[in-house]
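S.K.: Here it is, the structure, as structure tokens.
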Amino acid sequence: MFIRLMLVAVVFFSGIYSLSDSHASTTSQEDRVLLYDIFSEMIAVPTDTLNGKTPELVAAIVKRLLIAGVPQSYIHEIKHQQDMSNLVVRLPGATTGKRPILLMAHIDVVTAVTEAWTTNPYKLVEIDGYYYGRGTTDNKAGASILIANLIRYVKEGFKPNRDIIVVLTADEETTAGGISHLLSQHRSLIDAEYALNSDAGGGSLENGEYKVFGVQASEKVYLTFHLETHNPGGHSSVPGPENAIYTLAAALERISHYTFPAMLDEITQTYFLKSAQIKHGQEAHDMQKLAAGLNFEAAERLSRQSARYNAILRTTCTPTRLYAGHADNALPRSAKATVNCRILPGHSPDAVEAQLQKLADDKRITFTRDSPPVASPASPLTPHVLDTIEDLMLEKFPGASLVPTMSTGATDGLYVRNAGIPVYGVSAIFGDPHDSRAHGKDERIRIKSFYAASQYWYQLVKNLSSN
Ligand SMILES: [Zn+2]
């Protein structure tokens, strides 16, 4: 998830619900054991930035692939830094001239504060129908499913009608250097007609029933500004009218009263259309209005109702850090604020900066960008992809509704879209929407949801690479 913030998307985790285990029957015991072994091996290697053990994990996965009979020629380990290993595995398809499908996951995790956890975060532990461990949701379940299914395809001699590419990246949670390096230096190895990302999307349960099957088709653009002002400073016993902290605080105050205009695109309009069908009352009514086109009244009401709807409807900018002063008894010589923006795919970053400058309205304040924004066009809701996803969803998760989503946070998908490859976030992991523990303590995945998602992916990739 989200390098930068997370995602909202919607990654769900669950309470204990008595769902019938209809999927187990489609996954042999041998396949379940294979998937479990891969998953527990992945969780046991701490691949956060502090430990930097992605080379160790990639070596373990490669060993397992070779033992399972996957030819060496299918396997590509690519380092973009000494301690950062990415893995690409290509299952060749029939030469039909169709471009490959790219299946995405990342193997790095956010550092776990071990002492805060109930279990050892780097050990897969089963408790009350859950697997606990750092990365169980974000995103080692996805990585394990992709590798286990690839081994199943090779073992059963499955011949897709195009190449199937699995990519596991090493630093989605920090700089996304892995996916950027692969796209810029090894494009031909991962080029594809479109990509499926296991690190976005996801399903929500309501009272044990399948409710929403989120398919992420776009993500907001991440951009951080540094607002800074300087002042000659001096002795704090003789303060003048000007103070760097006052100057900056006043500008932030002006920015705090501004809300960017609501905007809609194909993805968010469809999101509201589909969501209206499973919501009730005024909320559903407002969503119907937005599904029909921009309606400011409905947008304002929904924005007041939830920060998430607000973040889906408009660009947001908010201060996340403040730095000022160098001594208690000295006037501050500088004051600096970090303002983090999440920009709608269709909204120009330059226009956002110009608006913030206009609001700050103070020549003494300079604006600098932390890093250039990576534009990420929304992916089209291409019928043959979305219909295939939905048809299998109806079969595997009866009662669920497919809802296209825009993530307010970012994933590696941002860079893949930027490179011109449409991306669909389809983790297919169902859970309780109010129990998201990604990046937090006691991260866990519902066991039934994990195996159900693995069977869903197994069949989805076959369906998409057979027609
Ligand atoms: Zn992630």
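The values are calculated or read from the model by the stated rules, or taken from the named source; none is laboratory data. No experiment lies behind these values; they were computed from the predicted model shown. As a convention, Cβ positions derive from the backbone with ideal geometry for all residues, glycine included, and neighbour counts pool all protein chains shown. Ligands, DNA and RNA are excluded from the accessible area calculation, which covers all protein heavy atoms including side chains. Shrake-Rupley method; radii C 1.70, N 1.55, O 1.52, S 1.80 Å.
S.K.: Given H placed 1.01 Å from N in the peptide plane, which residues other than close sequence neighbours of residue 201 have an amide H under 5 Å from its amide H?
M.R.: 10, 216, 427
S.K.: So what is the diffusion coefficient of region 220-369 in µm² per second by Stokes-Einstein at 37 °C and 0.692 mPa s, using a Kirkwood Rh over Cα pairs?
M.R.: So the translational diffusion coefficient is about 189 µm²/s.
S.K.: Sequence gap at least 6, Cα distance under 8 Å: using those rules, report the relative contact order of the chain to the nearest whole percent. Walk me through the numbers before you get to the answer.
M.R.: Numbers: 997 pairs, mean separation 130.7, N = 467.
Normalised by residue count, the contact order of the chain is 28 percent.
S.K.: Can you give the relative contact order of region 220-369 as a percent, counting alpha carbon pairs under 8 Å and 6+ residues apart?
M.R.: Averaging sequence separation for qualifying contacts and normalising by length gives 43 percent for region 220-369.
S.K.: For region 178-246, what is the Kirkwood hydrodynamic radius in Å, using each pair of distinct C-alpha atoms?
M.R.: Mean inverse Cα-Cα distance, inverted, gives 18.5 Å.
S.K.: Separate question: Could you give each residue of region 302-311 its phi-based ³J(HN,Hα) in whole Hz, using Karplus coefficients 6.51, -1.76, 1.60 with θ = phi - 60°, and x for Gly or Pro?
M.R.: Once rounded to whole Hz, the list reads 5, 5, 5, 5, 8, 4, 5, 4, 4, 6.
S.K.: I'd like to check one number: the per residue accessible area of region 330-467, probe 1.4 Å, reported in Å² as a whole number.
M.R.: Working: 4820 Å² over 138 residues.
Here the residues of region 330-467 average 35 Å² of exposed surface.
S.K.: Moving on. Suppose we take every Cα in the chain and form the convex hull; what volume per residue is that in Å³?
M.R.: Here the figure is 158 Å³ per residue.
S.K.: For region 363-421 and region 168-240, what is the centre-to-centre distance using only Cα atoms, to the nearest Å?
M.R.: Distance between centres, Cα-based: 11 Å.
S.K.: Multiplying the sequence separation of residue 466 and residue 278 by 0.36 nm and subtracting their Cα-Cα distance, what value in nm do you get?
M.R.: 64.4 nm is the gain from fully extending residue 466 to residue 278.
S.K.: Put a dot 7 Å past each Cα toward the Cβ at residue 292 and residue 67; how far apart are the dots in nm?
M.R.: For residue 67 paired with residue 292, the spin-label model returns 6.1 nm.
S.K.: Taking a spot 7 Å from the Cα of residue 375 along the direction of its beta carbon, which residues of region 328-368 have an amide N less than 17 Å from it?
M.R.: 343-354
S.K.: Which of the listed residues, 313, 57, 102, is farthest toward the dipole's positive end in the chain, when Lys, Arg count +1 and Asp, Glu count -1 at the beta-carbon?
M.R.: Looking along the dipole axis, the top candidate is 102.
S.K.: Whole-Hz Karplus ³J(HN,Hα) for region 89-103, in order, using 6.51 cos²θ - 1.76 cosθ + 1.60 and θ = phi - 60°, x for Gly and Pro?
M.R.: Result, rounded to whole Hz: 10, 10, 9, x, x, 5, 7, 9, x, 6, 6, x, 10, 9, 10.
S.K.: Multiplying the sequence separation of residue 230 and residue 305 by 0.36 nm and subtracting their Cα-Cα distance, what value in nm do you get?
M.R.: Length difference between fully extended and current span is 23.1 nm.
S.K.: In region 184-287, which chymotrypsin sites (Phe, Trp or Tyr not before Pro) fall in coil by DSSP and have 14 or fewer other Cβ atoms within 10 Å?
M.R.: In loop regions of region 184-287 (DSSP not H, G, I, E or B), the sparsely surrounded chymotrypsin sites (Phe, Trp or Tyr not before Pro) are 258.
S.K.: Right, here's the next one. Show me the ranking of peptides 330-339, 128-137 by mean Cβ neighbours inside 10 Å, starting with the highest.
M.R.: Ranking, from highest mean packing down: 128-137, 330-339.
S.K.: A further question on this structure: What order do you get for 454-463, 316-325 when each peptide is scored by the mean count of other beta carbon atoms within 10 Å, highest first?
M.R.: In decreasing order of mean packing, 454-463, 316-325 become 454-463, 316-325.
S.K.: Give the Kirkwood hydrodynamic radius (Å, one decimal) of region 238-299, defined as one over the mean of 1/r across all pairs of different Cα atoms.
M.R.: Evaluated over region 238-299, this radius sits at 14.4 Å.
S.K.: Mind checking the full-extension length gain between residue 111 and residue 174? Use 0.36 nm per residue of separation minus the Cα-Cα distance, one decimal, nm.
M.R.: Taking residue 111 through residue 174 to full extension adds about 21.6 nm, to one decimal.
S.K.: Another one. Between helix 244-256 and the chain, what is the angle of the helix's C-alpha long axis to the longest principal axis, kept within 0 to 90° and rounded to the nearest 10?
M.R.: Value to nearest ten degrees: 60.
S.K.: Considering region 22-170, what Rg and Dmax in Å follow from its alpha-carbon atoms?
M.R.: Cα radius of gyration and Dmax of region 22-170 are 15.9, 53 Å respectively.
S.K.: Per the helix-only calculation at 222 nm, which mean residue ellipticity applies to the chain, given -39500 (n - 2.57) for every DSSP H run of n ≥ 4 and division by its residues, nearest 500 deg cm²/dmol?
M.R.: Counting only the DSSP helices, I get -10500 deg cm²/dmol.
S.K.: A further question follows. Compute the FRET efficiency between residue 191 and residue 348 as 1/(1 + (r/R0)^6), taking r as their Cβ-Cβ distance and R0 = 41 Å, and round to the nearest 0.05.
M.R.: 0.90
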